[in-house]
1. Within segment 212-230, can you find the residues that are hydrophobic (A, V, I, L, M, F, W, C), open to solvent by 50 Å² or more (accessible area, probe 1.4 Å) and touching a residue at least 40 places away in the same chain (Cβ under 8 Å)?
2. If you scan segment 42-63, which residues turn out to be open to solvent by 30 Å² or more (accessible area, probe 1.4 Å) and touching a Lys or Arg at 6+ places or on another chain (Cβ under 8 Å)?
3. Please find, within segment 192-211, the residue that is nearest to the chain's Cα centre (by Cα) out of those that are over 28 Å from G244 (Cβ atoms) and open to solvent by 100 Å² or more (accessible area, probe 1.4 Å).
4. Would you be able to tell me the number of residues in segment 121-136 that are over 11 Å from A79 (Cβ atoms), open to solvent by 60 Å² or more (accessible area, probe 1.4 Å) and in contact (Cβ under 8 Å) with a residue 12 or more places away in the chain?
5. So T118 passes all but one of these: (1) among the polar types (S, T, N, Q); (2) open to solvent by less than 70 Å² (accessible area, probe 1.4 Å); (3) out of contact with any helix residue (DSSP H, G or I) (no Cβ under 9 Å at 6 or more places or on another chain). Which condition number does it fail?
6. State all residues of segment 141-191 that are over 35 Å from the mean Cα position of the chain (by Cα) and either of a type in the set (A, V, I, L, M, F, W, C) or within 25 Å of V11 (Cα to Cα) (or both); if no residue qualifies, say none.
7. Listed residues V39, V96, V101; which is within 15 Å of A155 (Cβ to Cβ), of a type outside the set (F, W, Y) and either in contact with a Phe, Trp or Tyr (Cβ under 6 Å, 6 or more places away or on another chain) or crowded, with 20+ Cβ neighbours inside 10 Å (or both)?
8. Do you know which of the residues in segment 231-245 that are among the charged types (D, E, K, R) and over 11 Å from T191 (Cβ atoms) is least open to solvent (accessible area, probe 1.4 Å)?
Amino acid sequence: MTPLLDRVRIVLCATSHPGNIGAAARAMLTMGVRRLVLVAPQRFPDAEAVARASGATAVLDAARVVESLDDALVGCVLAVGLSARPREFAGRVLPVRAAAVEALAHASHGDVAFVFGTEMSGLSNHELTRCGVVATIPANPDYGSLNLAAAVQVACYELNVAATGGEVWRAPRFAPATADEIEGLYAHAATTLVAMRFLNPAHPKRLLPRLRRMFARRGFEREEVNILRGILARIDELVGRARGH
């Protein structure tokens, strides 16, 4: 998706449940982040990690397993530690969105890491001191608990948006109706409304101006105008038939 995302490492420290590793891998791959580093996982590789990855096995297959956080951070120009709770010696603390932007600015110079702690207690104070920036995910102050994979998903989403600008797919565009086609629709509608006796041409009041404004504002596609003209033609036919024409 972008070369900068290839320089992002997701580091999971002492993960206790292999399913969380698999779910994190899935969260990563959906956002174009592929490099997973596992610090002393309790169970890996494991079939449950594969099952929870839901097809993101390429991330698991390429995952590095290391013994310490220091090993995981070798060669990184910036480490961002995730923490939900305030820490007395946290240093710089940023919302995860701002942390993602800063991390990708550093990624032009080398690898960056987003570091996550254990499922139960998060990163230790010592582990957090190894991170130049602490990132936190703004959440409900009364219940801000995210599971590990959800936190990875949020962080990787912010990294993806920071890297790509949040570009999304677009619906196909069809040929717009021309001004004369819109005018033809308006004239046809007016004629049909008179034939239906919905519009009294001697006392049109505001109906026709409102109808014209509505058609002008809508931004019709050519095919939409053709559909409406077809509907009006069918109404014309039924009205004429009812009158014996």
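The values are calculated or read from the model by the stated rules, or taken from the named source; none is laboratory data. What you see is a predicted model; the values in this text were computed from it and never measured. So basically every Cβ, Gly included, is an ideal-geometry build from the backbone, and we count neighbours across all protein chains shown. Quick note on the areas: whole protein, heavy atoms, side chains included, nothing else; ligands and nucleic acids left out. Shrake-Rupley method; radii C 1.70, N 1.55, O 1.52, S 1.80 Å.
1. Keep residues of segment 212-230 that are hydrophobic (A, V, I, L, M, F, W, C), which gives 214-216, 220, 225, 227-228.
Going one step further and asking which of them are open to solvent by 50 Å² or more (accessible area, probe 1.4 Å), we end up with 214, 216, 227-228.
The one that is hydrophobic (A, V, I, L, M, F, W, C), open to solvent by 50 Å² or more (accessible area, probe 1.4 Å) and touching a residue at least 40 places away in the same chain (Cβ under 8 Å): L228.
2. Step one: of segment 42-63, the residues open to solvent by 30 Å² or more (accessible area, probe 1.4 Å) are 42-48, 50-52, 54-55, 57-58, 61-62.
If the condition is that a residue be open to solvent by 30 Å² or more (accessible area, probe 1.4 Å) and touching a Lys or Arg at 6+ places or on another chain (Cβ under 8 Å), then R52, S54, G55, A58, A62 are the ones that fit.
3. R210
4. Within segment 121-136, the first condition is being over 11 Å from A79 (Cβ atoms), and the residues that meet it are 121-122, 124-126, 136.
Retained after the next criterion (residues that are open to solvent by 60 Å² or more (accessible area, probe 1.4 Å)): 121, 125-126.
Imposing the further condition that a residue be in contact (Cβ under 8 Å) with a residue 12 or more places away in the chain reduces the set to 125.
Of the residues in segment 121-136, 1 are over 11 Å from A79 (Cβ atoms), open to solvent by 60 Å² or more (accessible area, probe 1.4 Å) and in contact (Cβ under 8 Å) with a residue 12 or more places away in the chain.
5. Evaluating T118 over (1) among the polar types (S, T, N, Q); (2) open to solvent by less than 70 Å² (accessible area, probe 1.4 Å); (3) out of contact with any helix residue (DSSP H, G or I) (no Cβ under 9 Å at 6 or more places or on another chain) leaves (3) as the failure.
6. A179, I182, L185, A187, A189, A190
7. Values: V39 fails: within 15 Å of A155 (Cβ to Cβ); V101 fails: either in contact with a Phe, Trp or Tyr (Cβ under 6 Å, 6 or more places away or on another chain) or crowded, with 20+ Cβ neighbours inside 10 Å (or both).
From the options V39, V96, V101, the qualifying one is V96.
8. E237
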